[in-house]
Amino acid sequence: MATSAKPVTKRGARQPSLAQLRAFAAVAEHLHFRDAAAAIGMSQPALSGAVSALEETLGVTLLERTTRKVLLSSAGERLAVRARAVLDEVGALMEEADAVRAPFTGALRLGVIPTVAPYLLPTVIGLVHEKYPDLDLQVHEEQTSSLIEGLGAGRLDLLLLAVPLGVPGITELPLFDEDFVLVTPLDHWLGGREGIPREALRELNLLLLDEGHCLRDQALDICREAGRADAPVTTTAAGLSTLVQLVAGGLGVTLLPRTAVRVETSRSNQLLTGYFADPAPTRSIALAMRTGAARAAEYEALAAALRGAVKPLPVRVL
């Protein structure tokens, strides 16, 4: 039975060193040993020895040496291009390593849920521009399940979303808690009231987001805590903007996180906002990263900076 042999090079495991390639590239550029040695900070004997060692390793003659000048052989002309390409790639590797070592540089792929993105991203982007100008922030707005999948697969680096997630392998960096408020039409009996008991949710026609939004699940949890057994699903919407417009049209009421109220209710003069009695229903917002992430220290520092940046918002910083 025939078997395929593993390919081997004629010179076994011997490979040229970077010092040899650097010496040869310098000679190929200057065609003069003294000038080449000065250009790379190497003594002339050391440079000559490095080139000779490279020729021995490769098994080819790279230079034609005369008493007056140095010329590249035909093999030398071909391999000089390769040597320069290798050295350029090594230089790029070192530059990339420097960028990785420097905090808050390079790309940061941030995943954000739709019920946070419009209201928190202005603060996040402003913070990054001001404090981390060399950071390449790339934002991906997706629902929670997609974000978790992306983080686990390495497609995303960091998430900004509602917690707790309860997912193994993900570490949460708490940012703040925010209350939910009740948004109603102008003529609703709870419109504009304060101290609304949660039990009022038992009888309300509550409008919800579509399946897949964590805010929908949070609203249903709040209803269950208030003693409501059924799940109100007569009308749903894909986003909070549509949901609020449905409320303005008199189709029901809805729950909004406090950070969304100013943006969403400013689009209509047919809305009122009601506030729950303490303790009001809340949600928690955090950054989430892979446990043991290489850039964990950066993400923790970013979380600390974000806690300071969101203080002007209607939230309770953690």
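The values are calculated or read from the model by the stated rules, or taken from the named source; none is laboratory data. Note that this is a predicted model, so its numbers are computed, not measured. Cβ atoms come from the backbone with ideal geometry, glycine included; neighbour counts cover every protein chain shown. For accessibility, only protein heavy atoms count, side chains too; no ligands or nucleic acids. Shrake-Rupley method; radii C 1.70, N 1.55, O 1.52, S 1.80 Å.
Tabulated data
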item: R0 of 35 Å, Cβ-Cβ distance L71-D98: FRET efficiency to nearest 0.05; result: 0.40
item: Inter-label distance, nm, simple model (7 Å from Cα along the C-beta direction), Q15/R316; result: 5.8 nm
item: Per residue Cα convex hull volume in Å³ - calculated over the chain; result: 232 Å³
item: Long-range amide H partners of L137 with built H, under 5 Å; result: L108
item: Computed lengthening from Q138 to Y275, 0.36 nm per intervening residue step minus Cα-Cα distance; result: 45.8 nm
item: Where the chain is the region considered: accessible area per residue in Å², 1.4 Å probe; result: 53 Å²
item: GNM result for the chain, Cα springs below 10 Å: residue of P281, P122, P16 fluctuating most strongly; result: P16
item: Accessible surface of the chain [probe 1.4 Å, protein heavy atoms]: carbon and sulfur percent; result: 54 percent
item: L175 long-range amide H proximity, modeled H, under 5 Å; result: I285, A286, L287
item: Qualifying trypsin sites (Lys or Arg not before Pro) in the range 209-318, DSSP loop, other Cβ atoms within 10 Å at most 15; result: R267
item: Cα centroid separation - the range 153-231 against the range 50-123, whole Å; result: 51 Å
item: Selected from E55, E141, E199 as most flexible by GNM, with the chain as the system and alpha-carbon contacts under 10 Å; result: E55
item: The range 268-318: Cα Rg divided by the 2.2 N^0.38 Å rule of thumb; result: 1.65
